[in-house]
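Since the structure comes first, as structure tokens, the remarks are kept for the end.
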């Protein structure tokens, strides 16, 4: 029985990164032997085991044979006679098909080390086309490794295009699409994920709401970049610079979906796009089984981002309405995420990337004024609820009015 470190841990080590997880391949063993050594089996379809002490995953070397569409249409074959090279050959990219033995020796049958040096994302074999998840994984690695300026090998991009044309990517299940999207949102360059998918034609298949934003013009005065799709990816870049929160980044990504439904006759204006984006976001999140916390923030940003941009023009009554509708007093952390997404939108324009955004400070001033109110005097009067509600509303309006009147952008 021989054990090798494989995959991301080896790749990251060669890139000078600290590996976050370790995967292992076991050659020359059987499930029975693994169990005798105290390993716990966890793989339903593949022979995967957890180490009795570290709980890291150890998989028996295996080969795979395509038997049907999608990423589950495989038969796995595992036996002591399966070699390390055969196991590595079934992997997606050469940079992920490198192994390391217990002495630190590198085993690299598919030239992954060279591709790391050349900063290339290249498929291991033609079997790449058998698993549609690999299209998403290449896009995610493009985002994950963007700081290292990796590019996709032309022949690999051609295979990805063929998977789109053949309909193979249509077999992806929503949960897996969302998993790869969420993981990409946590990288330093999530916009690269979408650029890669668009480059092979998969964006229109997997995220049609985002694809239809490209080619849609905006008013040049407010959007020098003009194209809505370009603006969307610029906003995502700004959200990434402002926050590590994937919910903020997702809200930034989908905040302008409504512009994709503006009739061409009305271009470059997009009246009520913020409202038209609501059903699109709901449908997007429903289709991909996206968690409610992502959906809820995205809906608030879509509906109210123009209110935030125009904060200085709003009446105290309207400011209070926004605060109440996004549930800011009960969810102050989400209110902060809302402001960050709005700031990303304002900065996600050509020439505005480093601009200040005093609107967020103004809305925080209004929020603080309301949050600091001592409302015990009116809630203990014994009056009817409707009367108390009206008095509370008036008190909050007065507080916002005073706070806003004293507000200065520079503090």
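The values are calculated or read from the model by the stated rules, or taken from the named source; none is laboratory data. Bear in mind the structure is a predicted one, so any value in this text is a computation, not a measurement. Note: ideal-geometry Cβ built from the backbone for every residue, glycine included; neighbour counts use all protein chains shown.
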Take residue 149 and tell me if it is more than 13 Å from the chain's Cα centre (by Cα), touching a residue at least 24 places away in the same chain (Cβ under 8 Å), under 29 Å from residue 345 (Cβ atoms) and not assigned by TED's automatic domain parsing to the domain that holds residue 94. yes
Scan the stretch 215-256 residue by residue and report those that are crowded, with 18+ Cβ neighbours inside 10 Å and in contact with a strand residue (DSSP E or B) (Cβ under 9 Å, 6 or more places away or on another chain). 216, 218, 223, 228
For residue 19, work out the one condition from (1) free of Cβ contacts under 8 Å to residues at least 40 places away in the same chain; (2) in contact with a helix residue (DSSP H, G or I) (Cβ under 7 Å, 6 or more places away or on another chain); (3) within 17 Å of residue 76 (Cβ to Cβ) it doesn't fulfil. (3)
Might you check whether a residue that is without any contact (Cβ under 8 Å) to a residue 60 or more places away in the chain, in a loop (DSSP other than H, G, I, E, B), touching a helix residue (DSSP H, G or I) at 6+ places or on another chain (Cβ under 7 Å) and in the same structural domain as residue 111 (by TED's automatic domain parsing) occurs anywhere in the stretch 35-55? yes
Any chance the stretch 371-383 includes a residue that's more than 28 Å from residue 272 (Cβ to Cβ) and touching a residue at least 40 places away in the same chain (Cβ under 8 Å)? yes
Going residue by residue through the stretch 318-330, is there one that turns out to be surrounded by 23 or more Cβ atoms within 10 Å (Cβ to Cβ) and part of a helix (DSSP H, G or I)? yes
Can you tell me how many residues in the stretch 94-105 are in contact with a strand residue (DSSP E or B) (Cβ under 6 Å, 6 or more places away or on another chain) and more than 18 Å from residue 63 (Cβ to Cβ)? 2
Scan (1) at pLDDT 95 or above; (2) exposed (fewer than 13 other Cβ atoms within 10 Å of the Cβ) for the single condition residue 387 breaks and write down its number. (1)
Between 137, 91, 62, which is in contact with a strand residue (DSSP E or B) (Cβ under 7 Å, 6 or more places away or on another chain) and either assigned by TED's automatic domain parsing to the domain that holds residue 237 or crowded, with 17+ Cβ neighbours inside 10 Å (or both)? 62
Of the numbered conditions (1) assigned by TED's automatic domain parsing to the domain that holds residue 293; (2) in contact with a strand residue (DSSP E or B) (Cβ under 8 Å, 6 or more places away or on another chain), residue 196 fails exactly one; give the number of that condition. (1)
Need the failing condition index for residue 114 against (1) buried (at least 16 other Cβ atoms within 10 Å of the Cβ); (2) more than 14 Å from the chain's Cα centre (by Cα), just the number. (1)
Every residue from the stretch 189-202 that is more than 13 Å from the chain's Cα centre (by Cα) and surrounded by 23 or more Cβ atoms within 10 Å (Cβ to Cβ): 196, 197, 200, 202
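Here is a yes/no grid of residues against (1) modelled with pLDDT of 95 or more; (2) over 14 Å from residue 251 (Cβ atoms); (3) more than 25 Å from the chain's Cα centre (by Cα); (4) not assigned by TED's automatic domain parsing to the domain that holds residue 242:
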residue	(1), (2), (3), (4)
323	yes, yes, yes, no
344	yes, no, no, no
350	yes, yes, no, no
357	yes, yes, no, no
